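I have placed the structure first, in the form of structure tokens, so that the comments after it can refer back to it.
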Amino acid sequence: MKRKTIVPDELRFAVTRKCNGACRHCYNNSGYDTRELSAGEFVHILREAKELNPALDRITLTGGEPLDETEKVISIARTAQSLGVRVRLATRGWELNQTLCKELKEVGVTRIQIGLDSSGRREYRDEKGRKWDSSHSWLRADHEGFSKAICGIRNAVAAGVSVSVRYSLAKLNIDDTIDTYAFASTLGVTKFKLRVLFPGGRAMRNLLTQLVSGKELAEVQFSLIQASTKERMQIEVTQPCFFPLPFRCELEQGGFSSNAYKESCPCGTAAAYIDSNGDVKYCLFDQQSLGNVFVDSFVSIWNSETARKARERRCPLDATGSGCSAFEVLYRQFGDYSRFINEYVASAVELSKKFHAQRECA
């Protein structure tokens, strides 16, 4: 029996791996030059997928630093707009001046995701005692990294583009999470995306000691969801987290209206990742390729036996929300993933009990 052709509802394009930065927590080691797909080749993939799946309604442009290839971004976005496909852009935000933000909006960029890893209220001293204005600037390896990101956020918001911030949770900024969430809400940001530090790329070499424990992750999520009862800005939690979000039901039963949600992982099923060198991957965090579009068509690769086996192996974990398969694959190189998750669940249960007890006493 012939299998039905699988075409995702979302495409994620790494338009370049170039980047003149050296972020310490970069999960894919961006900054190098390689043979890259042109704007036209990315557009061909988009048109091919859209023709086979009219429900395809969004693309994400990432990198590297995608705005190192601004014309490529604009060309792809303009085509996507003509096809009725929404465009999201993931960037560090440093290149977002007022003129560029207006142009990005005009060609169909509907949301920009910018990394923001601290509130700017706390100085940070590195292992050599050097002072930084924030942990964000240290993570970005640039003393002006925080101010550049804030400027980019302000410019995008002023241009009328929806902005989300991505917070990379690590031991060095764990105590700054709530303040960063509150600060971002004052900037007109619409969403706060909580992510654990991903142990790949440069982070794998430099920051393994910064990985948070399962207990710490549960505590941060609990505090954030509580904080969301007072702020309008949404909180999005993904890896690793079981669904439904811990504590949300308890909060709502206690008369609180939280503003947090769990986004189910679309990797391997509803979303496909195409790297700048043509590699097609189950997930943007993957090291392994399912095939390359310089050799075969995207649709053929996405429907290959290799892709089927990857989905069969990894989708159950992603779909249940019990974790992130890419995080598990990497984390197992440095720690016990099962122990991490068990600790997370136990801490979530304990915090839930404490919350109930506090509500009863009140």
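For the stretch 212-225, 3J(HN,Hα) computed residue by residue from phi via the Karplus equation (6.51, -1.76, 1.60; θ = phi - 60°) reads 7, 7, x, 5, 5, 4, 4, 5, 5, 4, 4, 5, 5, 5 Hz, glycine and proline entered as x. For R58, the residues whose amide H sits under 5 Å from its own are L11, R86, ignoring neighbours fewer than 5 places away on the same chain, with H placed 1.01 Å from N.
At 1.4 Å probe size, with the rest of the protein present, what percent of the exposed accessible area of the stretch 8-141 is carbon and sulfur atoms? Show your work: numbers first, answer last.
Working: 2510 of 5720 Å².
The nonpolar share, carbon plus sulfur, comes to 44 percent.
When Rg and Dmax are taken over the Cα atoms of the chain, they come to 20.3, 65 Å.
Using Cβ point charges alone (K and R +1, D and E -1), the dipole size of the stretch 81-150 about the Cα centre works out to roughly 180 debye.
For the residue pairs K171/K191; K50/K230; K18/K131; K18/K215; K50/K148; K105/K148, the alpha carbons lie more than 31 Å apart in K50/K230; K18/K215; K50/K148.
Per DSSP H run of at least 4 residues, take -39500 (n - 2.57); add these up for the chain, divide by its residues and hand me the 222 nm value, nearest 500 deg cm²/dmol. It would help to have the intermediate numbers written out before the result.
Working: 13 runs with 144 residues, N = 362.
The helix contribution divided over the chain gives -12000 deg cm²/dmol.
State in Å² the accessible area per residue of the chain; use a 1.4 Å probe, count heavy atoms of protein chains only, and round to the nearest integer. Numbers along the way, then the final one.
Working: 15960 Å² over 362 residues.
Per-residue value: 44 Å².
Here the chain is assigned +1 on the Cβ of each Lys and Arg and -1 on the Cβ of each Asp and Glu. Its dipole about the Cα centre then comes out at about 200 debye. Among F198, F146, F222, the largest mean-square fluctuation in a Gaussian network model of the chain, built with springs joining Cα atoms closer than 10 Å, belongs to F222.
For the stretch 1-65, the direction-averaged projected area of the alpha-carbon convex hull comes to 6.1 nm².
The values are calculated or read from the model by the stated rules, or taken from the named source; none is laboratory data. All values reported here derive from a predicted model rather than from experimental measurement. Positions of Cβ are backbone-derived with ideal geometry, glycine not excepted, and every protein chain shown enters the neighbour counts. With ligands, DNA and RNA removed, areas are computed over all heavy atoms of the protein, side chains included. Shrake-Rupley method; radii C 1.70, N 1.55, O 1.52, S 1.80 Å.
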